[in-house]
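Shown next, in structure tokens, is the structure this report addresses.
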Amino acid sequence: MLAELYVPGNSPLHRTPPQYMIFGLVVFCTLLFFFSEWGVLAAATVLVLAAYMVAGLRLRHAVAALRPVLWVLAFIFAIHVLTTDLTQAAFVVARFMVMILAASVVTLTTRTSEFVDGIRAMLKYAPSWVPTDRIALAIALTIRFIPSVRTTLAEVRMAQKARGLERNLTATLVPLVVRTLKTADQVSEALEARSPGKL
């Protein structure tokens with residue numbers, strides 16, 4: 001099954017109901033897109049860093065959250081440099097980094113089971129025909145699944161480095177894809193086990 005990314009703690013963020021954490025994250029990320037000023041982005045960065053400190057998270061947690069997407073961020077930066085200018089490119093990438101770090105605060109301070117309960121609580125007013133349990137579990141597992149690719153990539157790279165194949169892109173991508181698909185199957189099995197006999 002997916003590796004638990006939860007970092008144990010007893011901070012106010014660890015004790016905050018997950019539905020409030022998820023709602024706060026959605027509002028935070030949405031508001032960031034309504035402003036294009038460096039001052040607002042700086043304030044948001046300070047807020048996220050403060051959340052890290054309150055939660056007892058360390059620099060390595062922030063680095064681990066950003067490392068898997070560095071190439072994507074570099075690509076976005078290059079595209080914006082070509083289509084706009086350097087300042088705008090830097091702002092867009094910085095905004096994405098802040099959003100990723102904000103999401104990691106929620107992920108690292110909330111257990112998977114708490115995600116399920118929180119999302120279920122957010123869906124409690126949905127019509128009776130809506131499969132709230134399956135939706136909650138699917139979202140929670142997806143949230144956990146995306147960062148778990150980082151761990152898989154690190155393990156594959158270490159294994160290929162030991163074989164002297166660290167520069168072989170195919171030797172890295174093939175086992176990464178295979179293991180990722182296997183994890184996706186586990187997610188599917190978990191959903192099926194949660195609601196046996198339902199489509």
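The values are calculated or read from the model by the stated rules, or taken from the named source; none is laboratory data. This one's a predicted model, so the numbers in the text were calculated from it and none came from an experiment. Reconstructed Cβ throughout: ideal geometry from the backbone, glycine too, with neighbour counts over all protein chains shown.
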Checklist entry - Name the residues in region 30-61 that are surrounded by 15 or more Cβ atoms within 10 Å (Cβ to Cβ) and in a loop (DSSP other than H, G, I, E, B), would you? => result Gly56, Leu57
Checklist entry - Would region 117-125 turn up any residue that is among the β-branched types (Val, Ile, Thr), part of a helix (DSSP H, G or I) and at pLDDT 75 or above? => result yes
Checklist entry - Of the residues Asp85, Asp117, which single one is surrounded by fewer than 18 Cβ atoms within 10 Å (Cβ to Cβ) and either closer than 17 Å to Leu25 by Cα or hydrophobic (A, V, I, L, M, F, W, C) (or both)? => result Asp117
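Tell me, please, whether a residue that is under 16 Å from the mean Cα position of the chain (by Cα), more than 30 Å from Val156 (Cα to Cα) and part of a helix (DSSP H, G or I) can be found in region 75-92.
Looking only at region 75-92, we keep the residues that are under 16 Å from the mean Cα position of the chain (by Cα), and these are none.
No, the conditions are met nowhere in region 75-92.
Does Arg95 fit the bill of being farther than 23 Å from Ala154 by Cα, basic (Lys, Arg) and at pLDDT 90 or above?
Numbers: farther than 23 Å from Ala154 by Cα: yes; basic (Lys, Arg): yes; at pLDDT 90 or above: yes.
Yes: the conditions hold for Arg95.
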